[in-house]
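Following: one structure in structure tokens, then a few remarks.
The values are calculated or read from the model by the stated rules, or taken from the named source; none is laboratory data. Values in this document were obtained by computation on a predicted structure and should not be read as measured data. Note that we place each Cβ from the backbone using ideal geometry, even for glycine, and neighbour counts take in every protein chain shown. All accessible areas refer to the heavy atoms of the entire protein, side chains included, with ligands and DNA or RNA removed. Shrake-Rupley method; radii C 1.70, N 1.55, O 1.52, S 1.80 Å.
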Amino acid sequence: GLGEAGYRRVESYSTGMKQRLKIAAGIVHDPKLLILDEPTNGMDPAGREEILALCRDLAGAKGMNLLVSSHLLPDVEAVCESIVVLGRGRVLAQGRIEDLKKPHDNEYELRVRGDLSRFARILAGRGVGSTLVDDHLRVALPVGEGVAALWAAADEASEQIRLLRPRRSTLEEIFLQAVEGAN
């Protein structure tokens, strides 16, 4: 993706262009293993997406093994199947991302058609805790309660439930739990 920039001095390249050059140098000999340290560092959103797509293509279509070291967890999740969380020279957590992103007991993500704050107040009146997170509620059902309680609250509020799914850990939560557990 450097095109005409190939005729310019490397010193004049932006940080993102230098990152692309390093990746190109790493894959030119078609290695079986490519180690990438913060591959999207310094890139604009479009360049970042191109590099992530390239990484997925190298791993998927080309069968290359990639080891990605990054603190940008959305990038890791977009490219990797498995993770290893390291801290102070020790393995703190490891495994397939999908296996580590386990569901939480009695916790759900919920979105309604109407006002989320109003619905949260209705849930609170029924003894159901909830927290507003971005565009949905994170709901914690009391022990022994099932999702029927959420449907009953929606009926009471004349609301339409648009999203209801078990809450799963995020990669950030997995990372933070592993690091906190090591201290």
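Computed with the Debye formula from one identical point scatterer per Cα of segment 1-128, without solvent, the log10 of I(q)/I(0) at q = 0.11, 0.19 Å⁻¹ comes to -0.58, -1.09.
Kirkwood analysis of segment 144-183, using all unique Cα-Cα pairs, places the hydrodynamic radius at 12.9 Å.
Pair-distance distribution P(r) for segment 59-168, from all Cα-Cα distances in 10 Å bins starting at 0: 12, 34, 20, 21, 11, 1 percent. Across segment 56-73, coupling constants 3J(HN,Hα) worked out from phi with the 6.51/-1.76/1.60 Karplus curve, θ = phi - 60°, read 4, 5, 4, 6, x, 6, 9, x, 7, 8, 10, 10, 10, 9, 7, 9, 8, 4 Hz, and Gly and Pro carry x.
Listed by chain and number, the lysines whose alpha-carbon sits under 24 Å from that of Lys18, ignoring those within fewer than 8 places in the same chain, are Lys32, Lys62.
Of the trypsin sites (Lys or Arg not before Pro) found in segment 70-137, those that fall in a DSSP loop while having at most 12 other beta-carbon atoms within 10 Å are Arg88, Arg113. On the chain, 51 percent of the accessible area sits on carbon and sulfur atoms, based on a 1.4 Å probe. In this simple spin-label model, placing a label point 7 Å from the Cα along the Cα-to-Cβ direction at both Arg121 and Val143 gives a separation of 3.1 nm. For segment 104-183, the fraction of alpha-carbon pairs lying more than 19 Å apart is 37 percent, rounded to a whole number.
The sum of -39500 (n - 2.57) across all DSSP H runs of n ≥ 4, divided by the residue count of the chain, sets its helix-only mean residue ellipticity at 222 nm to -11500 deg cm²/dmol.
Surface exposure of the chain, expressed per residue as accessible area with a 1.4 Å probe, stands at 63 Å².
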